[in-house]
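Okay, so here's the structure we're looking at.
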Amino acid sequence: VQLQASGGGLVQAGGSQRLSCAASGSISRIRAMAWYRQAPGKQRELVASITTGGKTTYPDSMKGRFAISRDNAKNTVYLQMNSLKPEDTAVYYCKVDDAYGVGYWGKGTLVTVSS
C-alpha cells in the first residue's frame, strides 16, 4: 500500500485546512485509516481514526476541531481541521491498516499555523 498525503501548508491561526491521503496498491486490503501528527520535539500522537464502516475515534484532546472522513470508493481519507492554533503545527501522517493488522504510513505533510 502506498499513501500520498496532500493539503499541508501555511495557515493563520483560527483558519481551516483540509488534508487528504490517497491509498494505492493492495487497496482491497485496507481497513482502518487514521491521521497522526508529530510536532517538533514531541512524540507522534493520534489525531483521529476511522473504520471501514465510518466509525470515528478521537482522543479527548482532539475532539471538537478535527473531523476525519473517508471515501472508500477513492481509497482516500480526509482530515478537516478548524480553528487552528499555533500548537497544531506539526507534520501530519496518514496511516492505514490492512486486513492482517499491518500498518502503512504516508510520508507526512507539514501544517504550519502562524499566530
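The values are calculated or read from the model by the stated rules, or taken from the named source; none is laboratory data. Note that this is a predicted model, so its numbers are computed, not measured. Don't worry about glycine lacking a Cβ; one is built from the backbone with ideal geometry, like all the others, and counts go over all protein chains shown. Only protein heavy atoms, including side chains, enter the accessible area calculation; ligands, DNA and RNA are left aside. Shrake-Rupley method; radii C 1.70, N 1.55, O 1.52, S 1.80 Å.
Overall dimensions of the chain, expressed as equivalent-ellipsoid semi-axes from the Cα gyration tensor (√(5λ), whole Å, largest first), are 24, 14, 13.
In this simple spin-label approximation, residue 107 and residue 31 carry label points 7 Å from Cα along the Cα→Cβ vector, and these lie 2.8 nm apart.
Under the criterion of Cα pairs below 8 Å and six or more residues apart, the relative contact order for the range 1-73 equals 20 percent.
Here the 3J(HN,Hα) profile of the range 45-51, calculated from phi with Karplus coefficients 6.51, -1.76 and 1.60 at θ = phi - 60°, is 9, 6, 9, 6, 9, 8, 7 Hz, Gly and Pro shown as x. With the highest mean first, a sort of the peptides 77-90, 99-112, 10-23 on other beta-carbon atoms found within 10 angstrom per residue produces 77-90, 10-23, 99-112.
Couplings 3J(HN,Hα) for the range 72-81, derived from phi with the Karplus relation 6.51 cos²θ - 1.76 cosθ + 1.60 (θ = phi - 60°), are 5, 5, 9, 6, 10, 10, 10, 9, 8, 10 Hz, where x marks Gly and Pro. Counting only protein heavy atoms and a 1.4 Å probe, the chain has 53 square angstrom of accessible area per residue.
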